[in-house]
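Below is one structure; the comments refer to it alone.
The values are calculated or read from the model by the stated rules, or taken from the named source; none is laboratory data. Given the structure is predicted, the values throughout are model-derived calculations rather than measurements. In this analysis, Cβ positions are derived from the backbone assuming ideal geometry, glycine residues included, and neighbour counts consider all displayed protein chains.
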Amino acid sequence: MAESALTRPGQRDRYQNKFVQIDWMLCLMMSLIAGMGGLVLYSVGGMSWEPWAYDHIFRYGLFFVIMIGLSMVNLSVWLSLSYWIYGASLLLLIAVELFGKVKMGAQRWLDIGITDIQPSEFMKLAIVLALARWYHENSAKDANWSWKLLVPIFMIMMPFTLVAHQPDLGTAMLILITGVAVMIAAGLNWKAIATAVGAGVVAIPFVFTFVLHDYQAKRITTFLDPESDPSGSGYHILQSKIAMGSGGLLGKGLGLGSQSQLNFLPEKHTDFIMAAVSEELGFVGGASVFLLYGLVIFMALRIAMLSHSHFGRLAVAGTIATFAVYVLINGAMVMGLAPVVGVPMPLLSYGGSVMLTVMVAFGLVQGVKVHRYQELPRQNSIFARFE
Amino acid sequence: MAETSIIFSDVNERQGVFSRRVFLMGGVVAFGLFALTGRLAQLQLIEGGKYRRLSSANQFNYRLIPPPRGQILDRNGVVIAGNRPSFSVLVMRSQVKDIDETLDQIAYVLPQTLLRRRAILRDINQSRRFAPTAIATDLNWEDFAKVNLYASTIPGVDVSMDEVRVYHYGGAFSHVIGYVGKISDKDLKAETEAAGDEEQLDPILLHPGFRIGKQGIEKAFDKDLRGVAGARKIEVNATGNIIAEDSDGMRPATPGEDVTLTLDAEIQQRALEVFGEDSGGAVLMNIHTGEVLCMMSAPSFDPNLFVSGISSKAYGLLRDYERLPLLDKCIGSTFAPGSTFKVATALALLQAGVDPSERVVCSGSYRYGNTTFACHKRGGHGPQNVHDAIKNSCDVYFYHMCNRPGAGPDGIARTARALGMGHIFENFEISGQKKGTIPDREYKRTAFKNDPKWHLGETLSVAIGQGYVTTSALQLCTYIARIANGKKAVEPYLVKKIGSVEKVPFKDFKDLPFSREHLDIVRAGMVAVSNDVTGTAYRNSRLNLGNIEMAGKTGTAQVRSYKGVANRRNEGIPWKLRDHGLFVAFAPADAPKYAIAVIVQHGMGGSMFAAPKAREIMKLALIKDPEMQARIIQPMPIDPSLANAPDQELTSDAPPDTIDIPTPPANPQP
């Protein structure tokens, strides 16, 4: 049953109708990526479902169901919960700061009894929701020079500072980029963007000397000249490039990549999985993965354009911006175009919490698709009374 | 409602802005993905070859298998230089992340490496990037087993079982066969130049266990002895642990070729023994073929010391010892031949037309111009013909005759050169030969710018092998070999076989320009030296081997000036000032086969000190020769024809180059 803006609202709320409205093509593309991930994890696990491939596929399946479930959630619910989610995530970040567990030199995890959680992951989504709501409830001119610019900046800087202090510069940067992406999508004027970029450039040397930890600064310097120290810190980038380059057009074949099978490739199942894909499946495999990511991103951006509510538009744009940033940074990193930062390839890399975040985010995206005709009221702005 | 319209326009405006921004975002993402795909294409398609090489360099490692060095054998196949197993621990610098930690781990098993830590680190830092460094060598079996068990868990550490050179005869052959040593930067440079460039360099040269020939035969035949390194292709993982060995990539080492020498280990050993503390050299050769059976320089040194690297202290002691053990006194140093030269002078005189029966009366001295030249016998020898002059080594005869027309410096020099003196044997295998000097007018002109004219008085010194005349022991031996041979200018050589290939020596010896008559006269003189009761070496050069006699010539070359010296005796004066003792000989006298030259540096008299040594060495050579054995161990009863054969004198109708061998009976009885 074709749905249109003229379909009666009551009919649209039926679950079977909503289910049909899910963007199944997008689901297919995501599943192809996740399936490719499973395949390569099977290979780098020594042609075995253990320890990674099985978990990866299982998680994807589980989270896929959650995604479908979330896509049924009415946008008004997301809207009304957005500040609460943001607030809760912020509190968790503060909790991490106070009682967090230290693993590998960083205080990122919070022990909640069953498992350790990483609240910075929630924040990636929460910041999108909070900013989307803020811009939903404010007029276009609020996105330009005005005191109201301070609120979103504040909303971004609080989690950014907390996460950067853990220290988890990669995630902090992602939160910052996501936030800025939402602001830009909401119509932040170019003067403000230019000012921010200028300030950022000026700040780089100060950040480098006073803010960054030694190991973070070193990552950036070795990125600039990775071959200077092949067995030191440039090792990862060089080995990754060797893995990819030696793959050639068609790759060495599954399970036959010497770089990934013999552990020359570091973090082959997480951050550097793209190198394993390219080594074993060649340029054809690597380019296909990029193509799939491109399709996912464009389908999601189309959903953003379709949405009748500004909240929906911004939520999808922000979510997809995060997703795209993940893909671009990880891709650039494994090919030696960006410093090594702990950014996995979404859906492809092994890792539960990132997968969960991504699938919840896509639940929101699918939700916007399903509820694209839903109009959301703007009057519940807490600042409306000041106007 | 005004507000509504504002809201609507606001809604439209922000939707418009959003759409534009989303297009922009899409553009940025598309650009980013295109860029990444482009980069992927660059890495995989354009630079793919480079990374494939790097990848297989990661994955596969070639471990060199050093080839066993060829052995050096004596003429009878006795191993002179062989190999023995040696266990060592190697570190591959390129595979080690933290060298200190790795050395700590090794020191846990091999505490002795702790003491050498500094030297090891220096070696490691100096080694080339992909060359392993030996950190402990010559381990005993227990240590080796321990390290072998443990090393596989330490990345970059490898144990190897190599072969190390061992010289079974210690010092007896150290000058001839030389020794091997660690490859020096100079060697490496030379090898690199020979190979063209560094890429072409045989990687075995960089292997820490590899040794290169430094001297003598080891150096001259290094390429043959070296062999070809093999390689094991192994697959390693990122931590350097061996995953698998690729048997297809296994290339076994090709052992070096064995080099068989003409030398005889027993004779060589005997020569070293008879020299004892004395300094000098002995050369014994076959007069027909030029095979050198013995070439020994004393005192010697243990070449095994050089294999693993001699300590500078030990080297200093060898270098500074006044008897110069490091010098090869057979070819590398020259001496005045003294009276041993008189055979050549006599031959030159005969060639110049001196009547062999012409007598010169020796009164003990000879006055030439304002100078009195003394004979070694103060009282004089009385009337002497050329035979007597050789037998008695009468100086006056040669003083008197040497400037005869046709002789003189140029005549003597021509003869001496034809006999092998004054030049280097081009085909002799080992390097280090000294040319020596055979003076003539031309020599005087070029060497003495201030006094280019030849004074006839100088011929007198030359005639008795003094003055400017210097020769090496090898030249002296060749000279006697040619005298004994009579027909061909034999040249010495050392190497019989390389691998299984018989080395064909230079067969086409030049003819000697001497008449048989003249040769017979000088040979008869030499026979008399050893066998005539009045001969200068009668007491010291009798072989005592039945009818086999030696024919020799003594020589005593003065080192200091006798001017103003009342006592010419050598006893009690410093070693360095004593006369050199020389003795040259061939044997058997009737049908020569071997020639020998012995120089005892500062050995005082040739008869007293050099002849007995020559006799012992020659005796062994003869005893070992099956042809000679047949002559010595004569069956009973003695064949009447042999019993009547003249054996005391060399008769002119017995050609010296044909050997009359009595056919041994079918059943020899002891």
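The set of residues in segment A:274-289 that are under 17 Å from residue A:332 (Cα atoms), hydrophobic (A, V, I, L, M, F, W, C) and surrounded by fewer than 24 Cβ atoms within 10 Å (Cβ to Cβ) comprises A:283, A:287. Just one of the listed residues (B:138, B:185) is modelled with pLDDT under 80 and within 35 Å of the chain's Cα centre (by Cα), namely B:138. Looking across segment A:152-190, the residues that are touching an Asp or Glu at 6+ places or on another chain (Cβ under 9 Å) and either within 14 Å of chain B (Cβ to nearest Cβ) or part of a helix (DSSP H, G or I) (or both) come down to A:162, A:171, A:186, A:187. Give the number of residues within segment B:327-368 that are on the phi > 0 side of the Ramachandran plot and free of Cβ contacts under 8 Å to residues at least 40 places away in the same chain. The total comes to 1.
Checking each residue in segment A:22-46 for being crowded, with 20+ Cβ neighbours inside 10 Å and of a type in the set (A, V, I, L, M) picks out A:26, A:29, A:30, A:33, A:34, A:40, A:41, A:44. Of all residues in segment A:259-273, those being buried (at least 24 other Cβ atoms within 10 Å of the Cβ) and not in a loop (DSSP other than H, G, I, E, B) number 3.
Does residue A:300 meet the test of being within 11 Å of chain B (Cβ to nearest Cβ), among the aliphatic types (A, V, I, L, M) and touching a residue at least 12 places away in the same chain (Cβ under 8 Å)?
Judged against the criteria, residue A:300 is a match.
Quickly run through segment B:69-98 and pick out the residues that are modelled with pLDDT of 80 or more and under 19 Å from residue B:158 (Cβ atoms). Across segment B:69-98, the qualifying residues are B:85, B:86, B:87, B:88, B:89, B:90, B:91. Of all residues in segment A:321-336, those satisfying the criterion of being more than 7 Å from every other protein chain (Cβ to nearest Cβ) and over 16 Å from residue A:237 (Cα atoms) are A:322, A:323, A:325, A:326, A:327.
Just for segment A:239-258: of the residues that are in contact (Cβ under 8 Å) with a residue 60 or more places away in the chain and within 8 Å of chain B (Cβ to nearest Cβ), which one is surrounded by the most Cβ atoms within 10 Å (Cβ to Cβ)? Looking at residues that are in contact (Cβ under 8 Å) with a residue 60 or more places away in the chain and within 8 Å of chain B (Cβ to nearest Cβ), I get A:244.
Checking each residue in segment A:303-320 for being at the interface with chain B (Cβ under 10 Å from one of its Cβ atoms) and aliphatic (A, V, I, L, M) picks out A:304, A:305, A:314, A:316, A:317, A:320. Scanning for something assigned to a loop (DSSP other than H, G, I, E, B) and at pLDDT 85 or above, does segment A:229-248 turn up at least one residue? Yes, there is a match, as at least one residue in segment A:229-248 is assigned to a loop (DSSP other than H, G, I, E, B) and at pLDDT 85 or above.
Keeping to segment B:412-430, report how many residues are farther than 20 Å from residue B:347 by Cα and in contact with a Lys or Arg (Cβ under 7 Å, 6 or more places away or on another chain). Here the count works out to 1. In this structure, does residue A:19 turn out to be in contact (Cβ under 8 Å) with a residue 24 or more places away in the chain, farther than 30 Å from residue A:169 by Cβ and surrounded by fewer than 17 Cβ atoms within 10 Å (Cβ to Cβ)? Answer is yes for this residue. Please go through segment B:57-77 and pick out each residue that is within 40 Å of the chain's Cα centre (by Cα) and farther than 22 Å from residue B:211 by Cα. Scanning segment B:57-77 gives B:61, B:75, B:76, B:77.
Do we have residue B:367 as over 23 Å from the mean Cα position of the chain (by Cα), at pLDDT below 90 and among the basic types (Lys, Arg) here? So residue B:367 passes the test. Residue B:50 satisfies every condition listed in (1) more than 12 Å from every other protein chain (Cβ to nearest Cβ); (2) surrounded by fewer than 20 Cβ atoms within 10 Å (Cβ to Cβ) except (1).
Limited to segment B:46-80, what total is found for residues that are among the hydroxyl-bearing types (Ser, Thr, Tyr) and under 23 Å from residue B:257 (Cα atoms)? Qualifying residue count, segment B:46-80: 0.
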